[in-house]
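Inspection log for the structure reproduced underneath, given as structure tokens.
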Amino acid sequence: MPLHDSFKQPAGATAPMKLAKMSSVPTSDDLSFALSLAVKNPKNIVELPWKSINSPNSYIIKVTCSQSLEEPTWFLHVGGDEDQPVLWNYDTADATLIHSLVTAECERTTYTAPLEQEITSFPVEVQLASLPGNGGPEPYLPREHEQPIPSFSSAPARPAFDTSLNWNDQSAPSSHPSQTMQPTPSSLTALSQMPAPPPIPHMQTAPNPHSLNPQLPEMPAHSPTNQASQPMTNSEPSRSTNIATAPKPTLPAPVDLNREALDSMYKSFTNADTGFISHAAFLFFLVNEFNRFQKDPKPLSVVRFDLCLKPLNSESTIMPLPQMAVKEAGKRIFSVMRPLDWVAHYEQEFAILMPFTSRTEAGQLTQAIANAISSASLVPGLETRMVGISFGVASMPEDCSHPGILLAAAQDAKNRARKAGVPVMLFSDCN
């Protein structure tokens, strides 16, 4: 779901309030200051530009608190010009969340080569014009401390040697197998006039160390006969017998975990009736998972869904489910979802975060959750045909690579599933 729309000022807005350009990514305090100015001046748009040293792009973050909007709206532009496209927009009063999204957007920006540069040569191929004799440069001349490179065109061809074993020790194989070496009278005369070879010196046996120092233990005599009599094998002797195995260290006693503190922290962001986490906690885990995705690009998926009473006709309004029915639906969701997943209250609807889950896996798991909810009546008197369920699934990186667009894509898929009358729809099936 690309966001390429230009930012438009609300009706009655005056000239934007431009803050000083910064040389680094704005901090949470900087964004809070811009938000405070927007609250004090609801008819103005507050702009905060910056250009980091290690980033090739310039950015502009805009915030407005128009009276027609429930929450402040943030827009992130890439480039120093106001007419540049919008990377994303978000409605929230949490400056810390905006700082996390802005930091993630700037960290994933890398330098790229200009598009107008074209590759004119390849390292594997040799240009004919660069060879000597074709109008190219002169051949390479070695320096004083280098050896000249031999020319392969003038090098003699390698002779073919006979590698067969059909020859004895008195005649070496010929380089030309078809020709046999015949002795001539001149060669025999030259051989008879050659001096006799010198005698082979007798190999002396190394003295025994015991004879040099009587205090040393007696060493057995070296017996080449016994060594040669041992059969030779291709297996290398094992070296593991000469390496001492270090003993494992004794493990210390475990640290006592404060279960009360863990339960208190979990209850602080969990709804006591449904067991779902809060909207703010869901966004925190989503941004944290997105930061993990940038370093380790394993897939992640988001599911947006709603549970409601089906309207009697097209003119009837959609009514939410009773609290007891939502509580029972939560139990069935927990029976299917995995321990690494997070199900949350998202505004007036619900959402599920599925880390390390591809689009296909998320679709299969969401279909199993929808089947579990509609398998039987949630509360007595509420038939399954009266319950409307709509799930929208979007995944990263199959569908997009930004958490804000990921949420919008899942929302779009959920709305299309409601209009089509199907329980589950993937964002990839919307087009």
* Structure fact -> Among strands (runs of 3 or more DSSP E) entirely inside region 291-392, those with 2 or more residues being surrounded by 13 or more Cβ atoms within 10 Å (Cβ to Cβ) and in contact with a Gly (Cβ under 7 Å, 6 or more places away or on another chain) are 300-309
* Asked: Just one of the numbered conditions (1) within 19 Å of Lys21 (Cα to Cα); (2) at pLDDT 85 or above; (3) crowded, with 19+ Cβ neighbours inside 10 Å is not true of Ser58; which one?
  -> (3)
* To do: List every residue pair whose Cβ atoms sit under 6 Å apart, with the two residues 6 or more apart in sequence or on different chains, where the first one lies in region 40-63 and is touching a residue at least 12 places away in the same chain (Cβ under 8 Å) and the second, anywhere, is in a helix (DSSP H, G or I).
  => Val46/Ala34; Val46/Leu37; Val46/Ala38; Leu48/Ala34; Ser55/Cys106; Val63/Ala34; Val63/Leu35; Val63/Ala38
* Looking only at region 309-320, which residues are over 14 Å from His345 (Cα atoms) and at pLDDT 75 or above? -> Leu309, Lys310, Met319
* To do: Six or more apart or on different chains, Cβ under 7 Å: which pairs go from a residue in region 330-353 that's in the same structural domain as Ser377 (by TED's automatic domain parsing) to one that's surrounded by 19 or more Cβ atoms within 10 Å (Cβ to Cβ) and acidic (Asp, Glu)? Could you list them?
  => Glu349/Asp306; Phe350/Asp306; Ile352/Asp341; Leu353/Glu289; Leu353/Asp341
* Out of the residues in region 11-22 that are in contact with a Lys or Arg (Cβ under 8 Å, 6 or more places away or on another chain) and modelled with pLDDT under 85, state the one that is nearest to Ile61 (Cα to Cα). => Pro16
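The values are calculated or read from the model by the stated rules, or taken from the named source; none is laboratory data. All values reported here derive from a predicted model rather than from experimental measurement. Every residue, glycine among them, receives a Cβ derived from its backbone with ideal geometry; neighbour counts consider all protein chains shown.
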